[in-house]
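The values are calculated or read from the model by the stated rules, or taken from the named source; none is laboratory data. Since the model is a prediction, treat every value here as computed from it, not as a measurement. Don't worry about glycine lacking a Cβ; one is built from the backbone with ideal geometry, like all the others, and counts go over all protein chains shown. Side chains included, ligands, DNA and RNA excluded: accessible areas come from the protein's heavy atoms. Shrake-Rupley method; radii C 1.70, N 1.55, O 1.52, S 1.80 Å.
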There are 4 protein chains.
Amino acid sequence: MTEGARGSRLRGYTVPRTPGGRASLVPRPPWHYVGDFMVVDYWADPEACRALLPEGVEPHPDAGRCAAIFVEWQSCSEGGEELLDPARSQYREFFLVVNGLLDGEEVTTCPFIWVDQDFALARGWIQGFPKKLGEVWMTRTFGLDVTADPGRGPGARYGATCSARGRLLAEMTLTVEGTSDEGPRHNAPPLVNVRHFPRLEAGRHDEPAVHELVRAKSRDRASSEVLEGSATLKLHAAPGEEHDGLAPVRVGRGYRFTFGYTVDDLETVRELS
Amino acid sequence: MTEGARGSRLRGYTVPRTPGGRASLVPRPPWHYVGDFMVVDYWADPEACRALLPEGVEPHPDAGRCAAIFVEWQSCSEGGEELLDPARSQYREFFLVVNGLLDGEEVTTCPFIWVDQDFALARGWIQGFPKKLGEVWMTRTFGLDVTADPGRGPGARYGATCSARGRLLAEMTLTVEGTSDEGPRHNAPPLVNVRHFPRLEAGRHDEPAVHELVRAKSRDRASSEVLEGSATLKLHAAPGEEHDGLAPVRVGRGYRFTFGYTVDDLETVRELS
Amino acid sequence: MTEGARGSRLRGYTVPRTPGGRASLVPRPPWHYVGDFMVVDYWADPEACRALLPEGVEPHPDAGRCAAIFVEWQSCSEGGEELLDPARSQYREFFLVVNGLLDGEEVTTCPFIWVDQDFALARGWIQGFPKKLGEVWMTRTFGLDVTADPGRGPGARYGATCSARGRLLAEMTLTVEGTSDEGPRHNAPPLVNVRHFPRLEAGRHDEPAVHELVRAKSRDRASSEVLEGSATLKLHAAPGEEHDGLAPVRVGRGYRFTFGYTVDDLETVRELS
Amino acid sequence: MTEGARGSRLRGYTVPRTPGGRASLVPRPPWHYVGDFMVVDYWADPEACRALLPEGVEPHPDAGRCAAIFVEWQSCSEGGEELLDPARSQYREFFLVVNGLLDGEEVTTCPFIWVDQDFALARGWIQGFPKKLGEVWMTRTFGLDVTADPGRGPGARYGATCSARGRLLAEMTLTVEGTSDEGPRHNAPPLVNVRHFPRLEAGRHDEPAVHELVRAKSRDRASSEVLEGSATLKLHAAPGEEHDGLAPVRVGRGYRFTFGYTVDDLETVRELS
């Protein structure tokens, strides 16, 4: 397209695309992230897990392996301008991952995820995360030895909840026992998601314009020490939701840590039918 | 794809796609809508309008023709189940349209739009509306002759505001003078938008996976009587926004009415480069 | 207090009190209201009702008589300035009333109520309504004969929900059968509430600064035609809530109508111990 | 009141008062707090400060001394049950304080304050803080050396905003230069506020039921190291607000730290006329 062509003036990684390119809901990559995590490794009904795997992903041999993850994120694009306007850089998230095998390799896939900001929702769709809006809360520690701060020592208790449309969807608690050498295992494998964008033309509602299996890529990963302990997890049914099919049949360990990374790439594994 | 194929079990018009298909953020079309509208016909800086037209749309001969529209919507999919759960059927919206010509025919295009629900945001992206989240308020009438009800008679006053991320983006007022035979003119022509969905692969951030000029289609349209009167409109600058480039240089008439229609189709005009 | 005294400059019916008096969270009375109502007459466990009656109010002879009420309100103070800024005039509300006898006269009292705006919360406390914040949704009718509008005819269905802190607290549905001559009966008697404002001085936490039984007064009441039909009502338990003790044991009729009135007075019945 | 008296069954430090006492919007004291602070010491127009002082508080000799404070709080009552349900323990706050003299002693008073949770709003009114609802955002640090984390070193930049009803009310930035020995000075003196609760009886709207000058009391105070640096502060006008009268004429230093304390007492200085 030549410089003078009509439309060449519209810039922006996403809509709205404008002459200045500053209105784009999601700024162009790279996207830098840092966040506080609460994770619970658990097992759901194996058949429910199998039914949620994307086309081409096989069930994991440790049938029903899942993780539930709460995060309080802060993120920005290159230059970090959003960090000074935290309404544009902070969001909270809850998601579930199911373990599987892709071409024999361990992977995770994310069938359900909620966030509380529009830019995070759209950025998720671009990466293949099936995001909806929800309200997410996590107990925090502030590093002071006072009653309102659970602290980081043995016995410290943390809670987290996710709701959407006024319905409680998930509750998690963690009781710290000590530090962990390994950290959570069920969300450790590489993430494989499905990018999907529908068509609206009559007769083609079942032929998405984008439908592809993708593998997440990231760089510049950094992590804090990991706290570990006993955990609880409940998933609740709600109208217009199906995540409760992944309710835990067995709950493993819970974890709390801080993690950061950068995303500016994605690998397309294959087009889906 | 045969019934037994892996992945065939995942159903849903949008993500999240699930075995039951009930978790899809946007239910499959048709989508039925009804809403209360406040509209102001106005003119913005012609160069600002021209710079926002999609590739292939020419400036309108009445240079700078725009409209600003507030709507309180209620919508549902076939069967109407969402109507009993209004958290899943109601949303509020503010948008701007710019007039242009496509192949010599009058059209409108929507460069900026805000809604307050996730399903409406995603449904908008599918139709080519560049939606973000915002907070939208409109004065209502309840049909009682009491002080808190502006009523529908001459002198009745209505206000509306849109904000996002804690910044005021738009303010409108209408003072009713009487009924209108024609209704608003600047948002009457057919709507032409750009469907756009980015890529994340490194090196391809400027090659969207979907980038197409589309023409909205609708059916079963119904409208109430239209109130008309004098109007005011202000658009305010905000970080990460560019809609204020369409601030009014001249304000026409304001309108208030109720409108309903059904959408289950879209015409792709052409692929964009 | 003489005009020149320090502090005389601070004006405002509520805090924040300022030189201009314009920052008061609640403008001074009168307060003009209009709203769309959904009401269900029902009966709860008589002992649960009795336990919630204010000191001095006797149980109603029709044991367990209650009503559940959803309202979408628009309100303003004298002059009506807020009507043009609907973020300061509109709010949504859900409340329960229990019937009783005060000095032998039928009354209602409101033990639980949620609204979605701060000015409504504070205005409620001043009137003796024990308001908390919640999210409230009600199906609307727009007066058009389209699929997304339930209309007002027999078979029209309406739903409403209230949630707080991400937990669903109440669900109501109404299926219209026709118009009603009388309207709801369980919320018809005069309203008697308890104004209560605590002390914080050590040793006096159980001696509220304000603790008085009050009878609501209103004027300039107006009502629309009333729709009536069959109804459902569910109240759900949630942490930090006790309204579910008033869950229905028998559900009566449901109603939908519009109502307006003005409040600028209150009768103190007696000081409570 | 004897145990058997009617009404003795209603328990709760605030409304709603119930048989179980668990529905009270604010649990009974003590209240334990911990929070991350951003503070800017500054000076406003001396006459604007004087006009906002409560009756009985004299202007500070350092005319116009004010501070602006953002806080992300976590709080709980005795037993700490709310900490596991962070929707009931976390809130964000922005407030302004003006310095003055009470009986010759340096004090601060809070004329304007916004929070984002109902329990915090009501708890504030009980303490004499004139709270309204708003949306508050503060940049966070997570303790990792990654791009999305500003860190704590020289040059680290933090931002904060407060808005209400869709209007931006305040913006603050801090650029860290190093640690501070003293911390902020303008919000250090004891806090003196006005508890105020109106009457609604006709003819008595100007005779509040509660109107008293109070001095805050706290215990078990703890603080982190304090970061200090250069700062900016802007206060913006908005309908129904007057805080912008305290806009800075000179901006001092900015600070960032963590602070915790416990409140279960309050001293009444005097009844106001």
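When residues in region B:248-268 are screened for being more than 10 Å from every other protein chain (Cβ to nearest Cβ) and surrounded by fewer than 19 Cβ atoms within 10 Å (Cβ to Cβ), 3 of them pass.
Considering only residues of region A:179-198 that are charged (D, E, K, R) and surrounded by fewer than 21 Cβ atoms within 10 Å (Cβ to Cβ), which is nearest to A:Ala216 (Cα to Cα)? If you could, list the steps in order and put the result at the bottom.
Here is the first cut: in region A:179-198, the residues charged (D, E, K, R) are A:181-182, A:185, A:195.
With the extra rule that they be surrounded by fewer than 21 Cβ atoms within 10 Å (Cβ to Cβ), the set shrinks to A:181-182, A:185.
Numbers: A:Asp181: 25, A:Glu182: 22, A:Arg185: 17 Å.
Once the filter is applied, the top-ranked residue is A:Arg185.
Scanning region B:148-175 for residues that are outside any strand (DSSP E or B), touching a Pro at 6+ places or on another chain (Cβ under 9 Å) and surrounded by fewer than 23 Cβ atoms within 10 Å (Cβ to Cβ) turns up just one, B:Ala156.
Answer yes if at least one residue in region D:67-83 is at the interface with chain C (Cβ under 10 Å from one of its Cβ atoms) and surrounded by fewer than 23 Cβ atoms within 10 Å (Cβ to Cβ), and no otherwise. There is at least one residue in region D:67-83 that is at the interface with chain C (Cβ under 10 Å from one of its Cβ atoms) and surrounded by fewer than 23 Cβ atoms within 10 Å (Cβ to Cβ).
Can we say B:Leu168 is in contact (Cβ under 8 Å) with a residue 12 or more places away in the chain and farther than 30 Å from D:Leu169 by Cβ? Taking the combined requirement at face value, the residue does not satisfy it. When region A:9-62 is filtered for residues that are facing another protein chain (nearest Cβ under 10 Å), of a type in the set (Ser, Thr, Tyr) and more than 17 Å from A:Gln127 (Cα to Cα), only A:Thr18 remains.
Of all residues in region B:189-234, those satisfying the criterion of being in contact (Cβ under 8 Å) with a residue 12 or more places away in the chain, of a type in the set (A, V, I, L, M, F, W, C) and either out of contact with any Leu (no Cβ under 7 Å at 6 or more places or on another chain) or farther than 30 Å from A:Tyr13 by Cβ (or both) are B:Leu191, B:Phe197, B:Ala209, B:Val210, B:Ala222, B:Val226, B:Leu227, B:Ala231, B:Leu233. When A:Gly151, A:Gly128 are checked against the criterion of being out of contact with any strand residue (DSSP E or B) (no Cβ under 7 Å at 6 or more places or on another chain), among the small types (Gly, Ala, Ser), on the phi > 0 side of the Ramachandran plot and more than 14 Å from chain C (Cβ to nearest Cβ), a single residue qualifies: A:Gly151. Being buried (at least 17 other Cβ atoms within 10 Å of the Cβ) and at pLDDT 95 or above is the requirement here; does D:Arg28 meet it? The answer is yes for D:Arg28.
Within the option set B:Thr173, B:Thr161, B:Thr139, being among the polar types (S, T, N, Q) and away from chain D (no Cβ under 14 Å) holds for one residue only, B:Thr139. Residues of region B:32-56 that are small (Gly, Ala, Ser) and outside any helix (DSSP H, G or I): B:Gly35, B:Ala44, B:Gly56. A count restricted to region D:126-147 and to residues that are open to solvent by less than 20 Å² (accessible area, probe 1.4 Å) and in a strand (DSSP E or B) stands at 4.
Can B:Ala87 be described as at pLDDT 95 or above, within 30 Å of C:Cys162 (Cβ to Cβ), part of a helix (DSSP H, G or I) and facing another protein chain (nearest Cβ under 10 Å)?
Values: at pLDDT 95 or above: yes; within 30 Å of C:Cys162 (Cβ to Cβ): yes; part of a helix (DSSP H, G or I): yes; facing another protein chain (nearest Cβ under 10 Å): yes.
The answer is yes for B:Ala87.
Quick check on my filter: what residues within region A:14-31 are more than 30 Å from A:Arg65 (Cα to Cα) and outside any loop (DSSP other than H, G, I, E, B)? Reasoning before the result, please.
Looking only at region A:14-31, we keep the residues that are more than 30 Å from A:Arg65 (Cα to Cα), and these are A:14-30.
Hit for region A:14-31 is A:Thr18, nothing else.
Kindly provide the set of residues from region B:224-241 that are surrounded by fewer than 18 Cβ atoms within 10 Å (Cβ to Cβ), more than 23 Å from B:Phe129 (Cβ to Cβ) and not acidic (Asp, Glu), ordered by number. Result: B:Ser224, B:Ser230, B:Thr232. Inside region C:229-272, residues that are in contact with a helix residue (DSSP H, G or I) (Cβ under 9 Å, 6 or more places away or on another chain) and under 30 Å from D:His205 (Cβ atoms) make up a count of 2.
Looking at the structure I just gave you, is C:Asp62 among the acidic types (Asp, Glu) and within 20 Å of C:Cys162 (Cα to Cα)?
Values: among the acidic types (Asp, Glu): yes; within 20 Å of C:Cys162 (Cα to Cα): no.
In short, no.
Which is within 18 Å of the chain's Cα centre (by Cα), open to solvent by less than 10 Å² (accessible area, probe 1.4 Å) and small (Gly, Ala, Ser), of D:Ala122, D:Ala87? Steps first, please.
Values: D:Ala87 fails: within 18 Å of the chain's Cα centre (by Cα).
On inspection, the qualifying residue turns out to be D:Ala122.
Just to check your reading of the model, which residue among C:Ala63, C:Ala87, C:Ala48, C:Ala68 is of a type in the set (A, V, I, L, M) and free of Cβ contacts under 8 Å to residues at least 12 places away in the same chain? Every option except C:Ala87 fails the conditions. Counting only residues that are more than 9 Å from chain B (Cβ to nearest Cβ), farther than 20 Å from A:Glu267 by Cβ and either in contact (Cβ under 8 Å) with a residue 60 or more places away in the chain or assigned to a helix (DSSP H, G or I) (or both), region A:100-125 holds 1 of them. Looking only at region D:206-223, decide whether some residue is open to solvent by less than 20 Å² (accessible area, probe 1.4 Å), β-branched (Val, Ile, Thr) and more than 14 Å from chain A (Cβ to nearest Cβ). Scanning region D:206-223, I find at least one residue that is open to solvent by less than 20 Å² (accessible area, probe 1.4 Å), β-branched (Val, Ile, Thr) and more than 14 Å from chain A (Cβ to nearest Cβ), so the answer is yes.
For D:Val97, state whether it is hydrophobic (A, V, I, L, M, F, W, C), assigned to a strand (DSSP E or B) and within 21 Å of the chain's Cα centre (by Cα). Talk me through it step by step, then tell me what you get.
Working: hydrophobic (A, V, I, L, M, F, W, C): yes; assigned to a strand (DSSP E or B): yes; within 21 Å of the chain's Cα centre (by Cα): yes.
For D:Val97, the condition - hydrophobic (A, V, I, L, M, F, W, C), assigned to a strand (DSSP E or B) and within 21 Å of the chain's Cα centre (by Cα) - is met.
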